[in-house]
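The values are calculated or read from the model by the stated rules, or taken from the named source; none is laboratory data. Please read all numbers here as calculations on a predicted model, not as lab measurements. Neighbour counts are summed over all protein chains in view; Cβ atoms, including those assigned to glycine, are modelled from backbone coordinates with ideal geometry.
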Amino acid sequence: MTTPPGLRFDDAYIGVPPWDIGRPQREVLELADAGTFRSPVLDAGCGTGENALALAARGLEVVGLDASPRAIGKAMDKARERHLEGVCRDPAGGARAGWGIASAVLQRR
């Protein structure tokens with residue numbers, strides 16, 4: 001039997017993966033503070049949601065997506081704790097974005 005795709009990656013979120021710095025990336029905060037982002041923003045590969053939640057806390061509409069259900073679960077827990085529900089969700093409802101972030105690599109649509 002083979003391991004389902006993404007299972008090992010998801011297992012990294014049983015603990016804290018080495019790429020999870022536990023805070024928003026400095027570059028994302030600098031761009032947000034400069035007013036660079038406009039809603040809606042897609043955080044592709046949001047992990048535990050620090051960038052997405054930081055942008056949402058600044059009043060931006062943000063959708064965080066990740067291949068790891070565990071990471072999304074942690075992001076949703078943080079969103080509830082910070083009263084930012086709705087940031088990390090299933091995009092099947094037709095979510096659209098004008099901005100996208102992926103590990104602080106930004107693209108404008």
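Spot the failing condition for Thr36; the list is (1) surrounded by 15 or more Cβ atoms within 10 Å (Cβ to Cβ); (2) out of contact with any Phe, Trp or Tyr (no Cβ under 6 Å at 6 or more places or on another chain); (3) polar (S, T, N, Q), and only one is missed.
It fails just one condition, (1).
Pick from Val63, Val16: which is of a type in the set (Val, Ile, Thr) and outside any loop (DSSP other than H, G, I, E, B)?
Val63
Give the residues of region 46-72 that are touching a residue at least 24 places away in the same chain (Cβ under 8 Å), surrounded by fewer than 16 Cβ atoms within 10 Å (Cβ to Cβ) and not aliphatic (A, V, I, L, M), sorted by residue number.
Selection gives Arg58, Pro69.
Filter region 77-88 down to residues that are modelled with pLDDT of 90 or more and not in a loop (DSSP other than H, G, I, E, B) and give me whichever is surrounded by the fewest Cβ atoms within 10 Å (Cβ to Cβ).
Among residues in region 77-88 that are modelled with pLDDT of 90 or more and not in a loop (DSSP other than H, G, I, E, B), the one surrounded by the fewest Cβ atoms within 10 Å (Cβ to Cβ) is Glu81.
Any idea how many residues of region 10-45 are of a type in the set (Gly, Ala, Ser) and either within 14 Å of Ala79 (Cβ to Cβ) or without any contact (Cβ under 8 Å) to a residue 24 or more places away in the chain (or both)?
Matching residues across region 10-45 total 3.
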